[in-house]
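Peer 1: First the structure, which I've put down as structure tokens, then a few questions once you've had a look.
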Amino acid sequence: MTRHHKVLHNATVIDGTGAKRYRASVCIDSDRITDIVQHDTAMPVLEADQVIDASGLVLAPGFIDAHTHDDLLLLKSPDMLPKASQGVTTVVTGNCGISLAPMQSRKIVPPFDLIGDDSDFAYPSLSQYAERLDDTPASLNSVMLTGHSTLRLETMDRLDRAASRAEIATMAHRLEKSLKEGACGMSTGLAYPTASHAPTTEIIELATVLRDFGAVYTSHMRDEEDHLLDAVEETLQIGREADVPVVISHHKACGRHNWGKTRQSVAMIEQARATQRVDLDVYPYTASSTVLLAEFVARSEKVMITWSKSQPDCSGRDLADLATEWDLTIGDAIDKLNPAGAIYHQMDDEDLHRVMQYAPSMIGSDGLPKDERPHPRLWGTFPRVLGHYCRELGLFTLEDAVAKMTGKTASVFGIKQRGTISVGNYADLVMFNADTIIDRATYDHPTETSAGIEMVMVNGDIVYGGSQTTDARPGRFIRH
Ligand SMILES: [Zn+2]
């Protein structure tokens, strides 16, 4: 009999494909799943150096966070506690147009301050960033998108205009180099001042570079408010004309008078899926979070400050309260706080439920690890989907919920041999209690770990167990 390295014994396996759960023992040798022994008849006898009892627990592929801003967190806090404690084993970085690489150290502008300070942008090429992670790995794996705003800031003298022909050629060259070095796609953040002046044609020309690499185009769209449907149409057009798969980031409808619009946006996506590849990610909250901008405040019911460079003691404070206290208009209070970040309560439950329930949607946290008082999505997203939206509200089966955070995501981003439990795949796994799993991070206490995550394994090594991270740093930068 083969003696295995590790056996996860008597687990309820949910394999990440959406297929029905089954009972099995899963064998791991080195960094791979080497055998899956189903318990359809008698309990098998398996020899192993380490047997982990998984009785009564779900064993799923480690969660893949489809939408993160963890570019710097992987380097600065390699235990990755906010994500490891949720069962995440791989993060997709470089979202919303702002990737840490490729960029020389320079004076950054918002929203780059969401992911780092001036001196943090020290990786002139993607390979230099990747090599840094090879040398000093984190506990979790990552794949990286190249940010369109990153390319613009590197190439253009000012960002409040369209790129010239020569600048587009330079950006296309830099993007191609990043893709050769392992980037999995390009992201845009067209709602931000760093990219809002880029016309659709600029994006199409750059997105065309992705085609030969089988890479994806992801977009924090130009508008998630009054012009949401136009923005969806623009994203679909970019996908069609560049002939590349598109991912609509953190899909939502912001502002009370736009509530209900996801009924139309989801219908547009569904119709487009007949002829082109379109996917989307979503986070399980009705508040968003980003830099403090007057136009986002105008669409919100309530705004909480997450950080402020000029008024550091205002983290966690309500913007309206601060304006009253200072005897200022909201606009002047915003000026006094900036540069700053905020949480915007501006979505409706019904839209959120609709997008989460929509079969193609993937789960992405969009967490902001640099914020002093982060949105709770940074710590709570995945257990919240499984505990609140699946178990308590019954929006979908547990099998479907797991697929939205594993197999589906791996397939959209082209992450090979991960995201499903099958023999030969990497041993990225999470063991959780389906009856107790729940997020504990709240707007008032945003950095609480979740309940019910029993064990998290990356490339065959345990990175989280007994409510804490281990010293293992088996994470890899996965080159596309
Ligand atoms: Zn975004």
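The values are calculated or read from the model by the stated rules, or taken from the named source; none is laboratory data. No experiment lies behind these values; they were computed from the predicted model shown. Glycine gets a Cβ as well: all are built from the backbone with ideal geometry, and neighbour counts include every protein chain shown. Note: areas computed on protein heavy atoms with side chains; ligands, DNA, RNA excluded. Shrake-Rupley method; radii C 1.70, N 1.55, O 1.52, S 1.80 Å.
Peer 1: So in the range 80-98, with the set limited to residues that are open to solvent by less than 10 Å² (accessible area, probe 1.4 Å) and of a type in the set (A, V, I, L, M), which one is farthest from T436 (Cα to Cα)?
Peer 2: Here the answer is I98.
Peer 1: In the range 111-160, what residues are in contact (Cβ under 8 Å) with a residue 40 or more places away in the chain, under 30 Å from G460 (Cβ atoms) and charged (D, E, K, R)?
Peer 2: R132, D134
Peer 1: Can I ask one more? Could you list, in sequence order, all residues of the range 164-207 that are assigned to a helix (DSSP H, G or I), small (G, A, S) and either in contact with a Leu (Cβ under 7 Å, 6 or more places away or on another chain) or open to solvent by less than 20 Å² (accessible area, probe 1.4 Å) (or both)?
Peer 2: Those that are assigned to a helix (DSSP H, G or I), small (G, A, S) and either in contact with a Leu (Cβ under 7 Å, 6 or more places away or on another chain) or open to solvent by less than 20 Å² (accessible area, probe 1.4 Å) (or both): A172, S178, A207.
Peer 1: Here is a check on your reading of the model: is R317 farther than 23 Å from T68 by Cα, within 16 Å of the ligand (Cβ to nearest atom) and open to solvent by 10 Å² or more (accessible area, probe 1.4 Å)?
Peer 2: In short, no.
Peer 1: Turning to a different aspect of this structure: Would you check if V7 is more than 24 Å from Y464 (Cβ to Cβ), more than 28 Å from the chain's Cα centre (by Cα) and part of a strand (DSSP E or B)?
Peer 2: no
Peer 1: Select from the range 208-246 the residues that are of a type outside the set (A, V, I, L, M, F, W, C) and open to solvent by less than 10 Å² (accessible area, probe 1.4 Å) and write down the one among them that is farthest from the ligand (Cβ to nearest atom).
Peer 2: G239
Peer 1: Restricting attention to the range 335-351, and to residues there that are open to solvent by 10 Å² or more (accessible area, probe 1.4 Å) and not in a loop (DSSP other than H, G, I, E, B), which single residue is farthest from A294 (Cα to Cα)?
Peer 2: Restricting to residues being open to solvent by 10 Å² or more (accessible area, probe 1.4 Å) and not in a loop (DSSP other than H, G, I, E, B), the top hit is E350.
Peer 1: Does the range 287-306 contain at least one residue that is farther than 22 Å from F112 by Cβ, within 16 Å of the ligand (Cβ to nearest atom) and not in a loop (DSSP other than H, G, I, E, B)?
Peer 2: Yes, that holds for at least one residue.
Peer 1: Is there a residue in the range 148-155 that is within 16 Å of the ligand (Cβ to nearest atom), open to solvent by less than 10 Å² (accessible area, probe 1.4 Å) and over 19 Å from E234 (Cβ atoms)?
Peer 2: Scanning the range 148-155 turns up at least one residue that is within 16 Å of the ligand (Cβ to nearest atom), open to solvent by less than 10 Å² (accessible area, probe 1.4 Å) and over 19 Å from E234 (Cβ atoms).
Peer 1: Can you tell me which of D134, D120, D53 is charged (D, E, K, R), more than 20 Å from R377 (Cα to Cα), out of contact with any Gly (no Cβ under 6 Å at 6 or more places or on another chain) and open to solvent by less than 40 Å² (accessible area, probe 1.4 Å)?
Peer 2: Numbers: D134 fails: open to solvent by less than 40 Å² (accessible area, probe 1.4 Å); D53 fails: open to solvent by less than 40 Å² (accessible area, probe 1.4 Å).
Testing whether each residue is charged (D, E, K, R), more than 20 Å from R377 (Cα to Cα), out of contact with any Gly (no Cβ under 6 Å at 6 or more places or on another chain) and open to solvent by less than 40 Å² (accessible area, probe 1.4 Å) leaves just D120.
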